[in-house]
Number of protein chains: 2
Amino acid sequence: MIELRHLRYFLAVAEEGHVTRAAERLGIQQPPLSQQIRALEREVGESLFRRLPRGVELTDAGRTLLEKVRLILRDVDLAVDAARRTARGEQGRLAIGFTGSAAFHPLVSSVVRASRQASPDVALTLEEGGTSDLIEALRAGRLDAAFVRAPVDGATGLVVEPILIEDMVAALPEQHRLAGGTGRIRLADLSEEAFILYRRPSGPGLYDGIIAACRAAGFSPRVSQEAPRTVSTLSLVAAGLGVSIVPESMARLETNGIAYARLDDAPGLGAPLHLAYREARPGGALGRFIARVRESRGD
Amino acid sequence: MIELRHLRYFLAVAEEGHVTRAAERLGIQQPPLSQQIRALEREVGESLFRRLPRGVELTDAGRTLLEKVRLILRDVDLAVDAARRTARGEQGRLAIGFTGSAAFHPLVSSVVRASRQASPDVALTLEEGGTSDLIEALRAGRLDAAFVRAPVDGATGLVVEPILIEDMVAALPEQHRLAGGTGRIRLADLSEEAFILYRRPSGPGLYDGIIAACRAAGFSPRVSQEAPRTVSTLSLVAAGLGVSIVPESMARLETNGIAYARLDDAPGLGAPLHLAYREARPGGALGRFIARVRESRGD
DNA sequence: CGATCATCAGACGTTTCAGATATGGATCAT
DNA sequence: ATGATCCATATCTGAAACGTCTGATGATCG
C-alpha cells in the first residue's frame, strides 16, 4: 500500500537526483531510502528512476508521477490547514435565526456584522421566523443558533442562554393624548386603551409578560387585535387602532406616526433575549459566534 | 507525520459513522482503528469526530477534511495510473527527428501517423534537420529518436538500428535523352552527365555511396553542384542543371519536370534508413514507437 | 428500574516493517 | 591500478501498528 512516506521520499530523490543526498535531506540513511523507493516502484509496477553511475534520473513515468506528487503533498497540507481553520471557526457555514422582534436589536445586527467581517470565509445565512419555527429548525439542524425572546417551553435538549433583558416601551399613535409629554407614562394610564399585541403561538413569552404586568398595575388589558408579526403591530398602532407594548429596541423603527413612551411602573416587565443552540460546548464558527455574542452583552 | 493510512481510515470511519463497522470494512480490529483516528486528530490538532453513544459523527473540521481527503485519495490513484500509462507509452512526450530525405519515405510517415492515432495522449513533435544536427540533438536530449540515412560516424553511445535499405533511382530532367524510355537505365549511361548531389557534411553517407557506385560502374562522376538539402537537388534537376541519384521514396515528390529511372547496374547502391536513439532498452512512448517502426519494416 | 446489548477507549503482548549498520559491486577519476 | 563515489544487498534493531482482552458508558427492553 502506497503511503505518503513513499511520495515524500520520492520527491526528495527526484529533486536531488541523488539517493544519498536525498537521504541526508530527509534525515535517514541511504539504504532504507533505496528500499522505500524500490517499494514504491513495486507498488506502481514501473521503474521510476534510471540508476546512473553518478546519481539517479527520472524515467518518463517518474516525471509524470513527480508532477502529481507535488500537488498531492501540497493538497494534504492544505486539507489539514483547512480543517484547522474550520475548527477555529474561520471557515464554514453558520445559519442563524432570529424572531422578528430580535432583528432590530443593535446587539444582533452588530454581532452579525462583526462576525461577517472577522470571518469572511464563514458563509453566514440569516433566517427570520417565529420562535417555535426557529426552535424546530434548530432541532432539525437547519439552524445553528437562534435569537429568541422568552424562555422557550419545548426547548429540552437545547441550550438556551440568556443574553440580556431590555425594557419594554409603550407605542402610541402620534395623536394620542399621552403622546408628546415627558416621554414617560405609567402603565396604569393605559388601562382603558385598546391593546394590539402579537399573536400568541408565534411568541408565547412576551404576550404573557405584558398581560401579567397589566394585572400587576391593576387592570386587565382589552386586547382589540392580534397581529401576526411584531412589526405589524406597529403599523396598526400608527393607523390609530390602539396602543402596544414593544421591546425598546423596536423604537428605532417605524417612527412615522408613532410615539414611544417609557413605562415608569412596570419593573418586572422586560423583553428577554436568548440565544439558543444545540450542543453544550460548540466549537468552530458557532463557538466563535457565541463568544462574540457574550462579549457584546456587556455593551 | 500524517500518512495515507490515516486518511484511508478516516474516510472509512467518516463514511460508516461507526468505528467498529469501519474496522470491519478495513479488515482490521476496532481498537487500532480508534488509535489511528486519535493519532490523526493529534496531528491535525483538532478533534475530527464527536463520540456518540451510537457511533461517531463528524465535527465541522472533520467535514471539511473529509471533502479534501476524498480528492486526495482519488488523486493518488490517478497519479499512479498516469505514471503507469506513461511507462506503457500511452502518455508523454516524444520528439522524433528525421533527415530531409527520410521525410518522404512511406514508413516514416505511416509510423508517425499510426503512433499519433494509437496514443493520442503522447505529444509527438517532429523535427527535420541534417544528420549531424540530429545526432547532436539526440545526444543533448532534445530528441528521443531520429531517422537518419547512412551509418553515422560520431554515434558512439547511441543505438543506431538499421531499418531498411531502399533502392536509389536516377532523377533526370524531363527533356533528357534518357528520360521517357523503359524507365530503366544503366548507371554507366550517366558517365558523361553533370551530377547534382547533396552537400557532404549534412549527409556524409549517401554521397560516398554514390561516388563508390559510379566508380564500380567504371567512371568518376563529375559533380557540377552540391545542394544544401536533398529536396533542393530535385529542384536543380527539374531546372535542367544536371542529373542526380536519390532514394526511391523521393520519386513521389517533385514530379513536375523530373523523370525517374531505375538503375540496373548498381547492386551495391542503396539508401539505408536507420533509427537512432539514446538508450539501449527504451521503454514508454519511445519503446512503443520503436516497436512500431520494427513492425512496419516488414511491409 | 435493573439487565442486557452495543460501542468506544485503554492495557498489554505480538508481529511487522521502517530504519540503522556493515558490506559488496560498479563506475569514474586520478 | 587505486581510491572515491554511489547504489544495492544482507542482517539486525526498535518503534509502532495490529490483535486480544477488558473496562466504562450510555441506550434499549422487558
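The values are calculated or read from the model by the stated rules, or taken from the named source; none is laboratory data. This is a predicted model, so every value here is computed, not measured. Here the Cβ positions follow ideal geometry from the backbone for every residue, glycine too, while neighbour counts run over all protein chains shown. Note: accessible area is taken over every heavy atom of the protein model, side chains too, but ligands, DNA and RNA are not part of it. Shrake-Rupley method; radii C 1.70, N 1.55, O 1.52, S 1.80 Å.
Couple of notes before you dig in:
- A cut-off of 5 Å between modelled amide H atoms, ignoring neighbours fewer than 5 places along the same chain, links A:GLU161 with A:LEU275, A:ALA276, A:TYR277.
- Separation in nanometres of the label points that stand 7 Å from Cα toward Cβ, at A:VAL223 and A:ILE28: 7.5 nm
- Net +/- balance of residues flanking B:ALA179 in space, Cβ distance below 14 Å, scoring K and R +1, D and E -1: 0
- At 7 Å out from Cα toward Cβ: A:ARG222 inter-copy label distances (nm, ascending): 13.8
- Counting only protein heavy atoms and using a 1.4 Å probe, the accessible area of A:ARG278 comes to about 80 Å².
- Taking amide H as placed 1.01 Å from N in the peptide plane, A:VAL223 has its amide H under 5 Å from the amide H of A:PHE195, each at least 5 places away in sequence or on another chain.
- Directionally averaged projected area (convex hull, Cα atoms, the stretch A:4-87), nm²: 5.9 nm²
- Mean separation of Cα pairs under 8 Å and 6 or more residues apart, divided by the residue count, gives the stretch A:4-87 a relative contact order of 28 percent.
- Each Cα pair under 8 Å and six or more residues apart adds its sequence gap; the mean of these over the residue count of the stretch A:165-269 is a relative contact order of 50 percent.
- Here the Karplus curve 6.51 cos²θ - 1.76 cosθ + 1.60, taken at θ = phi - 60°, turns the phi angles of the stretch A:166-172 into couplings of 9, 5, 9, 10, 8, 10, 10 Hz, with x standing for Gly and Pro.
- Around A:GLY270: net Lys/Arg minus Asp/Glu count, Cβ-Cβ under 11 Å: -2
- Two-site FRET efficiency, B:ARG281 against B:GLN117, from Cβ-Cβ distance with R₀ of 25 Å, rounded to 0.05: 0.50
- Relative to the longest principal axis of the Cα atoms of chain B, helix B:30-44 runs at roughly 70 degrees.
- B:LEU253-A:ASP77 FRET efficiency (beta carbon distance; Förster radius 56 Å; 0.05 resolution): 0.45
- DSSP bridge analysis restricted to the protein assembly as shown gives an antiparallel fraction near 55%, rounded to the nearest 5.
- Amide H contacts under 5 Å for A:VAL169, placed H, 5+ residues apart: A:VAL246, A:GLU248
- Ligands, DNA and RNA are left out, and with a 1.4 angstrom probe the accessible area of chain B is 48 Å² per residue.
- Using θ = phi - 60° in the Karplus curve 6.51 cos²θ - 1.76 cosθ + 1.60, the 3J(HN,Hα) couplings for the stretch A:112-124 round to 4, 5, 5, 5, 4, 6, 6, 10, x, 8, 8, 7, 9 Hz; x is entered for Gly and Pro.
- Average other protein chain Cβ within 10 Å of Cβ, residues A:57-63: 6
- Copy-to-copy label distances for B:GLU127, where each label lies 7 Å from Cα along Cα-to-Cβ, are 6.4 nm in order of increasing length.
- The convex hull built on the alpha-carbon positions of chain B has an orientation-averaged projected area of 22.0 nm².
- Label point of A:GLY157 (7 Å along Cα→beta-carbon): distances to the other copies' equivalent points are 7.7 nm, sorted ascending.
- Around the Cα centre of chain A, unit charges on the Cβ atoms of Lys, Arg, Asp and Glu (plus for the first two, minus for the last two) sum to a dipole of about 920 debye.
- Computed from phi, the 3J(HN,Hα) profile of the stretch B:174-191 under the Karplus parametrisation 6.51, -1.76, 1.60 (θ = phi - 60°) reads 4, 7, 5, 5, 8, 6, x, x, 6, x, 10, 9, 9, 4, 4, 4, 8, 4 Hz, with x in place of Gly and Pro.
- Folded to 0 to 90 degrees: helix B:284-297 orientation relative to chain B principal axis, Cα: 40 degrees
- Rh by Kirkwood over Cα pairs, then Stokes-Einstein D for the stretch A:156-242 at 1.306 mPa s and 10 °C, µm²/s: 111 µm²/s
- Alpha-carbon centroid distance for the pair the stretch B:102-123 / the stretch A:1-60, whole angstrom: 35 Å
- Rounded tilt (10° steps) of A:204-216 against the dominant C-alpha axis of chain A: 30 degrees
- Within the shell defined by Cβ-Cβ distances under 12 Å, the residues around A:SER109 carry a net charge of +3, with Lys and Arg each +1 and Asp and Glu each -1.
- Stokes-Einstein diffusion for the protein assembly as shown at 10 °C, viscosity 1.306 mPa s, with a Kirkwood radius from C-alpha pairs, works out to 49 µm²/s.
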